[in-house]
Structures are given as C-alpha cells and as structure tokens.
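So the structure is just underneath, and the comments pick up after that.
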Amino acid sequence: MKKYLLTAMLLLSLLFTASVFSQVVNEPVGNEEWIKPYKPFRIAGNLYYVGTYDLASYLIVTNKGNILINTGLSGSADLIKNNIEQLGFKFSDIKILLTNQAHYDHVGAMAAIKEQTGAKFYVDAADAAVCRAGGANDYEMGHLGMSFQPVIPDRLLRDKDVIQLGNTRLIMLHHPGHTKGSCSFLLNVVDGKRLYKVLIANIPSIITDKPFSKIPVYPRIREDYAYTLQAMKGLQFELWVAAHASQFQLHAKRKEGDAYNPAAFADRKGYGKLLEGISQDFKNHP
C-alpha cells in the first residue's frame with residue numbers, strides 16, 4: 001500500500017512541476033537602470049560587484065570555486081557572465097547561488113545560470129515555495145502569475161546558517177517582511193593583512209499598499225517587519241552593500257573607473273538613516 005501511495009504522490013508532484021514550468025513567465029517591464037550595463041569592480045578583498053547599474057549581483061571568489069548572490073532580471077545572465085569574465089574569473093567556477101529575496105528582479109536569471117553552471121541553489125526556507133512556483137504564490141507579486149522561471153532549491157537555509165565554500169564563510173540572516181524569506185549575508189573578506197566584516201543587506205522596504213491585516217496568506221507580516229527592522233539596526237559590520245545599488249548609494253560613492261577603495265562602503269550613517277526611514281513607513285502603515 002505504501003508503495004502505491006508513494007508512487008501516486010510522486011506522479012502528483014511531477015504533474016504539478018510540469019504544470020508550473022509550462023506556464024508563460026510574465027516578467028514586468030522594469031526600470032531602465034535594472035538592465036543598464038555597469039562595469040564590474042572589486043568592492044573589498046574577494047568580493048566583487050557584477051550586476052547591472054541598479055540590480056546588484058555579487059561574486060565571492062574562493063579557493064574552491066565561487067559564490068554568486070542575486071541574478072537580476074531574466075535577460076541578465078549574459079551580462080553577469082561577461083562581467084565575471086571581464087574580471088578574469090570563469091563563469092563555470094560558480095558553485096553556489098544565493099539570493100537576498102525571491103522576487104523577479106533578483107532571481108530572474110537564477111534558473112538559467114543554475115543550468116549553465118551546474119551550481120547549487122541555496123535559499124532561505126521561507127522563500128523556497130515561491131522559488132519553486134516562479135513567484136506565482138508570492139503574497140504581493142503573485143497577481144503577476146509566474147514572474148520568473150521556477151528554480152528548485154538544493155538547500156534550504158535558516159537563520160544564522162553557515163554557507164562555507166573553500167576559505168570563505170557566510171552567515172545567512174533571516175530578515176523577513178519584504179518577502180517571507182528575505183535575508184542578508186555577513187562575511188569576512190581579507191585584503192592583504194586587513195580584514196573587513198561585510199554586510200550584504202536586504203533592505204526591508206514595504207512594497208504592499210494593503211493593510212497588513214488584509215494579507216491572510218502572510219499573517220505574520222507585521223511581526224516579521226518589526227523583527228527585521230530591530231535586528232538590522234543591531235548588526236555589527238564595517239562595510240555594507242545591498243540588493244539594489246540605489247539603496248546603498250553606489251553611484252554617489254563611486255564612479256565607473258574609480259580606483260579600488262573599500263572605505264567608500266563604510267557608510268554606517270547612511271545605513272542607519274535608510275532603516276530609520278523604513279521604520280517610519282512601517283509605523284505609518286495600516
């Protein structure tokens with residue numbers, strides 16, 4: 001009996017997966033700055049920026065292969081590949097894929113890059129279902145239907161889980177609200193004899209106009225935002241960047257072609273001001 005039950009469950013799972021993958025991806029037309037090319041550069045140590053003008057993608061280079069965080073829109077795969085190769089690294093050396101959040105502007109090319117490189121995709125467990133459904137069940141973006149190509153996670157992460165590859169260690173921080181599984185990453189990067197503690201932040205902006213009480217599929221949304229804002233204010237780091245270049249004022253801090261300068265990203269005051277503004281939005285949200 002158990003054998004037949006397991007077979008039936010497997011068939012249902014395959015039918016659901018086939019149904020999801022057969023749907024048409026409805027990626028919205030985004031900001032032009034989301035697709036505008038931007039010359040890749042070294043942020044600090046073994047951490048590099050390889051994204052577009054505004055959608056940040058980060059390459060972390062280790063002695064056992066590389067980690068890529070965020071992939072931008074669906075058409076960004078070639079741009080990211082070119083940026084990585086322009087820096088002198090191999091696209092095929094990507095071993096782990098991560099994201100700050102499961103929205104189409106950060107995982108749009110995730111399935112394609114996963115297939116092209118054979119890398120493993122790790123995601124905050126609370127965003128796993130949205131990744132599998134291509135965003136169709138997201139509490140806010142679900143009205144778009146499938147907004148990115150579904151991508152199947154290889155590992156589910158939980159708060160303070162460690163991602164280790166070679167000589168580099170990241171800590172995932174669960175920062176829900178913007179999505180159920182939004183997250184940030186802390187890592188140490190070494191530049192000669194200097195060590196920097198870096199935060200790759202998911203800024204918890206509020207994207208819904210609905211009263212929180214009117215979102216039945218996410219009953220904990222208010223509590224999650226409150227937790228995240230408090231947790232992020234207490235983080236200790238020396239440098240910080242975020243999922244969008246505009247969130248950490250990349251283009252005010254650095255011009256294309258500028259010399260290597262990790263200190264440009266040591267803007268604790270800007271980080272605090274940004275979170276304070278979102279805190280006020282949260283307090284005023286119905």
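The values are calculated or read from the model by the stated rules, or taken from the named source; none is laboratory data. Only a predicted model underlies this, so the values are computations on that prediction, with no experimental measurement involved. Please note: Cβ atoms are built from the backbone with ideal geometry, for glycine as well, and neighbour counts cover all protein chains shown. These area figures cover heavy atoms from the full protein model, side chains too; ligands, DNA and RNA do not enter into them. Shrake-Rupley method; radii C 1.70, N 1.55, O 1.52, S 1.80 Å.
List of remarks:
- Scope segment 165-202; condition open to solvent by 10 Å² or more (accessible area, probe 1.4 Å), more than 20 Å from Gln247 (Cβ to Cβ) and in a strand (DSSP E or B); matching residues: Leu165, Arg169, Ile171, Asn188, Val190, Asp191, Arg194, Leu195
- Any hit, segment 204-213, residues being at pLDDT below 95, out of contact with any Asp or Glu (no Cβ under 6 Å at 6 or more places or on another chain) and more than 16 Å from Leu186 (Cα to Cα): no
- Only one of the listed residues (Ile43, Ile80) is in contact (Cβ under 8 Å) with a residue 40 or more places away in the chain and either among the aromatic types (Phe, Trp, Tyr) or out of contact with any Leu (no Cβ under 6 Å at 6 or more places or on another chain) (or both). That residue is Ile43.
- Only one entry of Ser205, Ser279 meets the criterion of being assigned to a helix (DSSP H, G or I) and either open to solvent by less than 20 Å² (accessible area, probe 1.4 Å) or within 20 Å of Tyr53 (Cα to Cα) (or both), and that entry is Ser279.
- Qualifying residue in segment 228-239 (condition: at pLDDT 95 or above and within 17 Å of Tyr58 (Cα to Cα)): yes
- The combined condition, being within 13 Å of the chain's Cα centre (by Cα) and of a type in the set (Ser, Thr, Tyr), is not fulfilled by Tyr139.
- Residue within segment 134-151 that is in contact with a Ser or Thr (Cβ under 9 Å, 6 or more places away or on another chain) and either closer than 27 Å to Gln236 by Cα or in a strand (DSSP E or B) (or both) present: no
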